[in-house]
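Trainee: Shown below is the structure under consideration.
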């Protein structure tokens, strides 16, 4: 069985925090690959505040071109919108029978996981929860689930919103995003 991490997100844009978490789990879980699953339409986010899906996919894909173990996956672009993690997992399981998937999830998302469509199907996989800055209360019955495990992954004070704001003011984002992404965002 191939050990594959699945890191879902809008990645608007992919930043150093995402990359640090990805690299942490590649090492900690001895993953063969970590797939960045770019989400075109998150049902919990206002689409008016999100950059063009194809542009986000292009940027993540460009970053992954320089990384052997981190892959950009566009599977949700070919599935019905809005995109639901459980539906994507079903599709991936049906098309990757030799994969053992590990779901990376921020602790803020664990607190709302019970609201997600078919969240029970997500819990059939190992759910690897990483800490998020300013989240202090993980009072969730899902913490007791045998497939949920908390990890001491790096916590970085970086947000995609902050990066977009800095970019709109023509302020440097070089210290917040990988150089491959900074080059693309600076041109756009």
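The values are calculated or read from the model by the stated rules, or taken from the named source; none is laboratory data. Note that the coordinates shown come from a computational prediction; the quantities given were computed from them, not determined experimentally. Neighbour counts run over all protein chains shown; Cβ positions are idealised from the backbone, glycine included.
Trainee: Looking at 162, 149, can you tell me which residue is closer than 22 Å to residue 24 by Cβ and in a strand (DSSP E or B)?
Mentor: Working: 162 fails: in a strand (DSSP E or B).
Within the list 162, 149, the selection yields 149.
Trainee: Can you confirm whether residue 143 is touching a helix residue (DSSP H, G or I) at 6+ places or on another chain (Cβ under 9 Å) and surrounded by 16 or more Cβ atoms within 10 Å (Cβ to Cβ)?
Mentor: Against the criterion (touching a helix residue (DSSP H, G or I) at 6+ places or on another chain (Cβ under 9 Å) and surrounded by 16 or more Cβ atoms within 10 Å (Cβ to Cβ)), residue 143 does not qualify.
Trainee: Taking region 23-52, which residues are at pLDDT 95 or above and either farther than 25 Å from residue 117 by Cβ or surrounded by fewer than 19 Cβ atoms within 10 Å (Cβ to Cβ) (or both)?
Mentor: Matches in region 23-52: 23, 24, 26, 27, 28, 29, 30, 31, 32, 33.
Trainee: Which of the residues spanning region 150-175 are closer than 25 Å to residue 104 by Cβ and surrounded by fewer than 12 Cβ atoms within 10 Å (Cβ to Cβ)?
Mentor: 152, 157, 161, 175
Trainee: Ok, one more. Please go through (1) surrounded by 22 or more Cβ atoms within 10 Å (Cβ to Cβ); (2) touching a strand residue (DSSP E or B) at 6+ places or on another chain (Cβ under 7 Å) for residue 12 and return the number of the only condition it doesn't satisfy.
Mentor: Tallying (1) surrounded by 22 or more Cβ atoms within 10 Å (Cβ to Cβ); (2) touching a strand residue (DSSP E or B) at 6+ places or on another chain (Cβ under 7 Å), residue 12 fails exactly one: (2).
Trainee: Among the residues in region 122-137, are any modelled with pLDDT of 90 or more and in a helix (DSSP H, G or I)?
Mentor: yes
Trainee: Take residue 143 and tell me if it is without any contact (Cβ under 8 Å) to a residue 40 or more places away in the chain, outside any loop (DSSP other than H, G, I, E, B) and closer than 26 Å to residue 78 by Cβ.
Mentor: Details: without any contact (Cβ under 8 Å) to a residue 40 or more places away in the chain: yes; outside any loop (DSSP other than H, G, I, E, B): yes; closer than 26 Å to residue 78 by Cβ: no.
So residue 143 fails the test.
Trainee: From the list 188, 168, 172, pick out the single residue that is modelled with pLDDT under 85 and over 24 Å from residue 26 (Cα atoms).
Mentor: 188
Trainee: So, restricting to helices (runs of 4 or more DSSP H) that lie completely within region 1-115, which ones have at least 1 residues that are in contact (Cβ under 8 Å) with a residue 60 or more places away in the chain, touching a helix residue (DSSP H, G or I) at 6+ places or on another chain (Cβ under 8 Å) and more than 21 Å from residue 153 (Cα to Cα)?
Mentor: Once the helices (runs of 4 or more DSSP H) in region 1-115 are filtered for at least 1 residues that are in contact (Cβ under 8 Å) with a residue 60 or more places away in the chain, touching a helix residue (DSSP H, G or I) at 6+ places or on another chain (Cβ under 8 Å) and more than 21 Å from residue 153 (Cα to Cα), what remains is 53-64, 85-95.
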